[in-house]
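Q: Once you've had a glance at the structure underneath, I'll fire off some questions.
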Amino acid sequence: MPHATTEDHVTLYFEETGSGTPVIFVHEFAGDLRSWEPQMRHFGQHRRAIAYNARGYPPSAVPEDPAHYSQGRAADDIAAVLDHLGIERAHIVGLSMGGFATLHFGFRHPHRALSLVVGGCGYGAEPAQSDRFKAEAATIAETLKRDGMAAFAARYAYGPTRVQFENKNPRGFAEFGRHLAEHSALGSANTQLGVQGARPSLYTLQEQMRALTVPTLVLTGDEDWPCLQPALLMKQTIPSAALSVMPNCGHTINIEEPDQFNHLVGQFLAQVECGRWPMRDPRTLVASITGMAPGR
């Protein structure tokens with residue numbers, strides 16, 4: 001099995017297909033590299049497509065100490081996979097937990113990113129939701145340790161931003177649930193404690209966002225309620241960011257609507273690769289609503 005090794009000696013399992021410009025996919029908490037199969041098949045036709053399992057997700061290593069899990073480590077693990085493969089720069093595409101890791105990769109390693117796709121990023125980010133999210137992360141960790149992965153998956157798969165997937169594609173949703181139930185309870189609990197529950201709010205990172213010039217596409221479903229306002233924040237704050245909202249979609253946008261997701265991401269990558277991705281025109285930042293403010 002192919003594995004990369006991180007600076008703290010954690011092994012990360014990865015798969016790749018295709019050749020050309022590299023694009024690496026970073027999965028969400030409830031997913032793993034199998035969640036990216038529609039993207040691996042699509043983008044692997046014209047690019048070097050790579051997906052890996054985060055630490056805590058077998059066959060990647062499962063550190064027993066929650067101290068080995070953090071938002072910073074999640075971002076640096078992307079770099080570890082690139083280093084192992086001898087890749088200097090790549091497009092980085094992440095969803096949810098992977099979207100946060102992708103954004104932080106842009107902060108920590110901007111010279112390694114050709115572009116960033118930040119999908120489904122925002123859970124617990126709004127200041128009014130921070131305490132609730134941290135409490136839920138602790139509850140999830142306790143539930144995983146007490147009840148095990150299968151019992152947890154049977155509940156977590158039916159979250160309010162995931163039922164949209166079941167309504168559209170029961171077979172695909174059932175597969176998602178089976179894969180979730182196969183995860184490590186310990187790894188998932190530690191991920192909740194070290195990554196999810198301890199990560200900083202996006203609203204505290206606006207200075208880093210303003211300094212980010214890597215081409216960025218922010219993606220969210222219009223029924224992924226915890227991500228809508230944070231998506232607007234990123235669009236407003238990152239000068240290189242565009243925002244696309246996928247209609248009638250929940251959280252698992254890459255498998256809920258893979259054709260639409262692939263089209264949006266594919267258009268974005270093509271614009272970046274031909275040097276056509278713009279920075280925000282400063283003329284859009286004036287305080288006037290119409291450009292005809294009194295006294296001008």
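The values are calculated or read from the model by the stated rules, or taken from the named source; none is laboratory data. Note that the structure is a prediction, hence the values are computed from the model and not measured. All Cβ positions, glycine included, derive from the backbone under ideal geometry; neighbour counts span all protein chains shown.
Q: Just checking, which of Leu186, Leu205, Leu217, Leu193 is touching a Lys or Arg at 6+ places or on another chain (Cβ under 9 Å) and within 22 Å of Gln71 (Cβ to Cβ)?
A: Leu186
Q: Kindly evaluate Ala211 against the criterion of being surrounded by fewer than 17 Cβ atoms within 10 Å (Cβ to Cβ) and either of a type in the set (Asp, Glu) or farther than 22 Å from Asp259 by Cβ (or both).
A: yes
Q: A follow-up question, please. So, Asn262, is that one crowded, with 23+ Cβ neighbours inside 10 Å and of a type in the set (S, T, N, Q) or not?
A: No; evaluated as a whole, the condition is false for this residue.
Q: Kindly provide the set of residues from the stretch 44-60 that are crowded, with 18+ Cβ neighbours inside 10 Å, within 20 Å of Asp8 (Cα to Cα) and not basic (Lys, Arg), ordered by number.
A: Tyr52, Asn53, Ala54, Gly56, Tyr57, Ser60
Q: So is Ser201 under 16 Å from the mean Cα position of the chain (by Cα), of a type outside the set (Val, Ile, Thr) and surrounded by fewer than 20 Cβ atoms within 10 Å (Cβ to Cβ) or not?
A: When the stated conditions are applied, Ser201 passes them.
Q: Within the stretch 66-76, can you find the residues that are surrounded by fewer than 23 Cβ atoms within 10 Å (Cβ to Cβ), out of contact with any Leu (no Cβ under 6 Å at 6 or more places or on another chain) and touching a residue at least 60 places away in the same chain (Cβ under 8 Å)?
A: Hits for the stretch 66-76 are Ala67, His68, Ser70, Gln71, Arg73, Asp76.
Q: Which of the helices (runs of 4 or more DSSP H) contained wholly in the stretch 146-224 include at least 1 residues that are acidic (Asp, Glu) and at pLDDT 95 or above?
A: 163-168, 170-181, 206-210
Q: Quick check, is Ala128 among the small types (Gly, Ala, Ser), more than 25 Å from Glu64 (Cα to Cα) and without any contact (Cβ under 8 Å) to a residue 40 or more places away in the chain?
A: Spelling it out, Ala128 is indeed among the small types (Gly, Ala, Ser), more than 25 Å from Glu64 (Cα to Cα) and without any contact (Cβ under 8 Å) to a residue 40 or more places away in the chain.
Yes or no, residue by residue, for (1) over 19 Å from Glu37 (Cα atoms); (2) buried (at least 24 other Cβ atoms within 10 Å of the Cβ); (3) out of contact with any strand residue (DSSP E or B) (no Cβ under 9 Å at 6 or more places or on another chain); (4) of a type in the set (Val, Ile, Thr):
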residue: Gly94; (1), (2), (3), (4): no, yes, no, no
residue: Gly98; (1), (2), (3), (4): no, yes, no, no
residue: Thr102; (1), (2), (3), (4): no, yes, no, yes
residue: Phe105; (1), (2), (3), (4): yes, yes, no, no
residue: Arg112; (1), (2), (3), (4): yes, no, no, no
residue: Ser115; (1), (2), (3), (4): yes, yes, no, no
residue: Cys121; (1), (2), (3), (4): yes, yes, no, no
residue: Pro127; (1), (2), (3), (4): yes, no, yes, no
residue: Arg132; (1), (2), (3), (4): yes, no, yes, no
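Q: A follow-up question, please. Residue by residue through the stretch 1-23, note down the ones that are of a type in the set (Val, Ile, Thr), over 16 Å from Arg55 (Cβ atoms) and buried (at least 20 other Cβ atoms within 10 Å of the Cβ).
A: Val23
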